[in-house]
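K.L.:
Mind having a look at this structure? Questions to follow.
The values are calculated or read from the model by the stated rules, or taken from the named source; none is laboratory data. Since the structure is predicted, the reported quantities are computational estimates derived from the model, not experimental observations. Note that each Cβ is placed from the backbone with ideal geometry, even for glycine, and that neighbours are counted across all protein chains shown. To get the accessible areas, we keep the full protein, side chains included, count just its heavy atoms, and leave off ligands, DNA and RNA. Shrake-Rupley method; radii C 1.70, N 1.55, O 1.52, S 1.80 Å.
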Amino acid sequence: MCFAEANTGHRYDAILHNAMAFIKSCQWDESKGKSDTDLMYGGTGYGRQCRPDLFNTSFFLDAMKSNLAAQSDPVVPKALLFVSRCQNVDGFSDANGGFRSCASDGSRDSGVMTMIGLKSLLAAGVSKNDARVKAAVAWIHKNYDMASNPGMGSAGLFHYYHVCAETLLALGMDEIEDAAGVKHNWRNELCAEIVHRQRKDGSWGNENGCWMENDPHIATAHALLALSYCQQPSEKTA
């Protein structure tokens with residue numbers, strides 16, 4: 001994504017071509033002996049060998065979206081199939097619209113995964129009026145929280161803040177009405193939470209080490225990215 005952004009004059013074309021070839025080689029599809037009936041089909045994990053999950057598949061779709069020529073690549077609908085299967089809709093007893101990390105691992109839906117799943121749907125070109133998007137937005141309304149990562153508490157909190165701000169900005173939502181009917185300015189509340197959690201040396205960190213957020217380099221990066229999205233005007237929904 002960085003090279004695509006900096007590719008003025010096509011000076012990074014060769015690097016981007018090779019990077020795209022590697023990224024696509026990580027997808028689990030027919031090249032790895034998987035058919036579209038396999039729950040892992042279309043997903044991407046940590047490299048070529050590790051099983052797919054929603055987190056890495058979202059990075060895959062972000063990379064594809066950053067390259068205009070790659071957006072029409074057949075790997076995108078394959079990834080969308082994997083993403084859609086991670087959503088708690090048809091086939092789940094608690095069909096509430098939330099997302100889990102993988103359709104086959106028995107994990108529960110959470111705030112961070114629902115935001116990642118929703119962002120991935122949009123990155124794959126799914127309309128904001130699509131039933132899957134509407135179901136995920138309904139989950140966000142029902143589980144609105146900026147003090148914790150819904151479903152996971154303090155685990156993955158800064159990842160949640162980052163993808164939450166990015167996703168709500170993409171949706172064009174300036175306010176969120178919670179389950180009690182109270183409207184929230186998510187930008188103000190998210191910024192307040194992040195500022196409150198900043199350490200005296202200027203960094204951020206999480207005592208919960210999930211996803212290495214106890215490393216201030218990682219937590220601080222997520223915090224700053226979340227704040228950057230809070231400063232951008234949203235694209236209003238239709």
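K.L.:
Where in segment 156-238 are there GluC sites (Glu not before Pro) that are in a DSSP coil and have at most 15 other Cβ atoms within 10 angstrom of their Cβ?
P.N.:
Passing both the DSSP loop test and the Cβ count: 207, 235.
K.L.:
Can you show me the helix-derived [θ] at 222 nm for the chain, built from DSSP H runs with n ≥ 4 at -39,500 (n - 2.57) apiece and divided by the number of residues, rounded to the nearest 500.
P.N.:
Taking each H run of at least 4 residues, the total per residue is -14000 deg cm²/dmol.
K.L.:
Once you put a point 7 Å from the Cα of residue 81 and another 7 Å from the Cα of residue 128, both along the Cβ direction, what distance in nm separates them?
P.N.:
Calculated label separation equals 2.9 nm.
K.L.:
In sequence order, what are the phi-derived ³J(HN,Hα) couplings for segment 154-163 according to the Karplus relation 6.51 cos²θ - 1.76 cosθ + 1.60 with θ = phi - 60°, rounded to whole Hz, with x for glycine and proline?
P.N.:
Per-residue couplings from phi come out as 7, 5, x, 4, 6, 4, 4, 4, 4, 6 Hz.
K.L.:
Continuing with this model, one more query. Keeping every protein chain present and rolling a 1.4 Å probe, give me the accessible area per residue for segment 146-211 in Å². Each step should come with its number before you reach the end.
P.N.:
Working: 2980 Å² over 66 residues.
Per residue, segment 146-211 has 45 Å² of solvent-accessible surface.
K.L.:
Moving on to the next point. Which cross-chain or sequence-distant (5 or more) residues have an amide H under 5 Å from the amide H of residue 45, H modelled 1.01 Å from N in plane?
P.N.:
HN-HN under 5 Å from residue 45: 53.
K.L.:
Please report the carbon-and-sulfur percent of the accessible area for segment 1-113; probe 1.4 Å, protein heavy atoms only, DNA, RNA and ligands left out.
P.N.:
Here carbon and sulfur together make up 57 percent of the probe-accessible area.
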